[in-house]
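The values are calculated or read from the model by the stated rules, or taken from the named source; none is laboratory data. Given the structure is predicted, the values throughout are model-derived calculations rather than measurements. We place every Cβ from the backbone using ideal geometry, glycine too, and count neighbours over all the protein chains shown. Ligands, DNA and RNA are stripped out before the accessible areas are found, and what is left, the full protein with its side chains, is counted by its heavy atoms. Shrake-Rupley method; radii C 1.70, N 1.55, O 1.52, S 1.80 Å.
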Amino acid sequence: MKRAIHIGLIGHKFMGKAHSHALRDLAMFFDPGVQPVMQTLCGLGDDLEETARRYGWLSTTSRWQDVVADPAIDAVSILTPGRLHCEMALAAAANGKHILCEKPLALDAAEAARMYAAAEAAGIRHMVNFNYRRVPAVALARQWIEEGRLGRIFHIRCSYQQDWPLDPETPFVWRFDKSVAGAGSMADKGSHVVDLARYLVGEFAEVAAATEIFVKQRKEDGVQREVTTDDAAVFTARFHNGALGLFLTSRMAAGHKNRLAVEVNGSKGSLRWDLERLNELEVYTAGDGSAAGFRNVMVTEASHPYAGAWWPPGHVLGWEHTFVHQYYEFLKSIAEQRQPAPSFLDGLRNHEVLDAVAQAAVEKRWIEVPRARGAEA
């Protein structure tokens, strides 16, 4: 009989559905060594009870404090806006709960450092939900880069573009408020591009950046409010291994609904991947002569990362499966009593880069990123 890990989920809307789906399906395809139990769903709204029933949660509460203090709960998933992450994580760590926290980990590096220190002092397992590491094609790209198939890495280009607030009449929501969200596209989407760059290429050395708010005010209940988070950000980077990086994040890119794209170029070849075609990895190998050119690899074979646990080759996966893979890694780390990756330390390193980008945009100069020590890659 596997040990049960009782989970409390804080947040029941969009991300709550994604996380609940992952927990319900996990045991069908993977064996993390423990049995997840969907104990308590926490949220605000009249639909909480019905949502819990539909998703399969055993109980509900509207108080997150009840979740982190409940002795029956072993692990807590934090899915709330960024300004709440630190307080919730510190309380969960103080009560000995393992933590999976949505990205970005905190509002800034200072908060992230507090969260990391508390989690380490408590001896708990801690993870940040940088779920795009768990796309089989991205994991395969990392594997090939580590094997040296691309040779010396010269540069990476990464963008994350959406267009949901393109209409200036889009109402004011919490993502437009810096005191709640921490930052706009630069942190919300930029945290993903920074994590992919660290995962695939290595640690950032310095950055230069520019940001812009294209729609300065939006209405909330008929009242104009100032938008304080960026609509778009661009930044360049140097890495400690000598590689260069070029990054773009935008929520005002017409026609792009959720497009995360990355390309890595090296002395022996290149790789490129696009979230909107997430089962495919394009690869170019130098020296192919008359057959030179990018070729498309369908990453659905049993030999590919995570793919073998699912369907026969060619039966593609979707965005929601990355959450299944993330919970598999998180719960497996609990079973094996080791720290998972990406951990809160990776979340801290991520914020150190984002903070440097923000500073560079204001000061209009290159800013050095603190040198990582012992970060999980």
- Query: Going by the alpha-carbon gyration tensor, a ≥ b ≥ c the square roots of its eigenvalues, is the range 157-227 rounded (a/c under 1.5) or, if a/c is not under 1.5, prolate (a/b greater than b/c) versus oblate?
  - Reply: prolate
- Query: Which peptide among 151-159, 203-211 comes first, and what is the full order, when sorted by highest mean count of other Cβ atoms within 10 Å?
  - Reply: 203-211, 151-159
- Item | Amide H within-cut-off set for VAL227, under 5 Å, with H built and near neighbours excluded | GLN217, ARG218
- With a point put 7 Å past each Cα toward its Cβ, work out how far GLU280 is from ARG371 in nm, to one decimal. 4.2 nm
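Accessible area per residue of the range 123-211 at 1.4 Å probe, in Å²? Don't jump to the answer; show the numbers that get you there.
On the way: 2870 Å² over 89 residues.
That works out to 32 Å² for each residue.
To the nearest 0.05, what FRET efficiency results for PHE214 and PHE154 with a Förster distance of 22 Å applied to their C-beta separation? Walk me through the numbers on the way to the answer.
Working: r = 32 Å, r/R0 = 1.47.
The formula returns an efficiency of 0.10 here.
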- Task: Sketch the reach of a paramagnetic label on ASN296 as a point 7 Å from Cα along Cα-to-Cβ, and name the residues of the range 314-334 whose backbone nitrogen lies under 20 Å away.
- Result: 314-319
- Task: Kindly rank 305-316, 67-78 from highest to lowest mean number of other beta carbons found within 10 Å of each residue.
- Result: 67-78, 305-316
- List the lysines whose alpha-carbon lies under 17 Å from that of LYS216, not counting same-chain residues fewer than 8 positions away? LYS178
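Of the accessible area of the chain, with the probe set at 1.4 angstrom, what percent is carbon plus sulfur?
Values: 8120 of 16020 Å².
Looking at the chain in its full context, I get 51 percent from C and S.
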- Message: Quick check: net charge around ALA209, other residues with Cβ under 12 Å of its Cβ, Lys/Arg +1 and Asp/Glu -1?
- Response: -3
- Amide H neighbours of VAL369 at under 5 Å, excluding residues fewer than 5 places away on the same chain, with H built from the backbone geometry, are GLU206, VAL207
- Out-of-range pairs (alpha-carbon distance over 27 Å; input LYS268/LYS332; LYS257/LYS364; LYS17/LYS332; LYS268/LYS364): LYS268/LYS332; LYS257/LYS364; LYS268/LYS364
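Want the number for LYS17 to ARG225: 0.36 nm per residue separation, take away the alpha-carbon distance, what's left?
Here the segment from LYS17 to ARG225 would lengthen by 71.9 nm.
Give the value in nm², to one decimal: projected area of the alpha carbon convex hull of the range 1-115, averaged over all directions. Walk me through the numbers on the way to the answer.
Values: hull surface 28.9 nm².
About 7.2 nm², averaged over all directions.
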- Message: How much accessible area per residue does the range 265-377 have, counting only protein heavy atoms and a probe of 1.4 Å, in square angstrom?
- Response: 46 Å²
- What do you get for Rg/Rh over the range 62-201 if you use C-alpha atoms and the Kirkwood form of Rh? 1.03
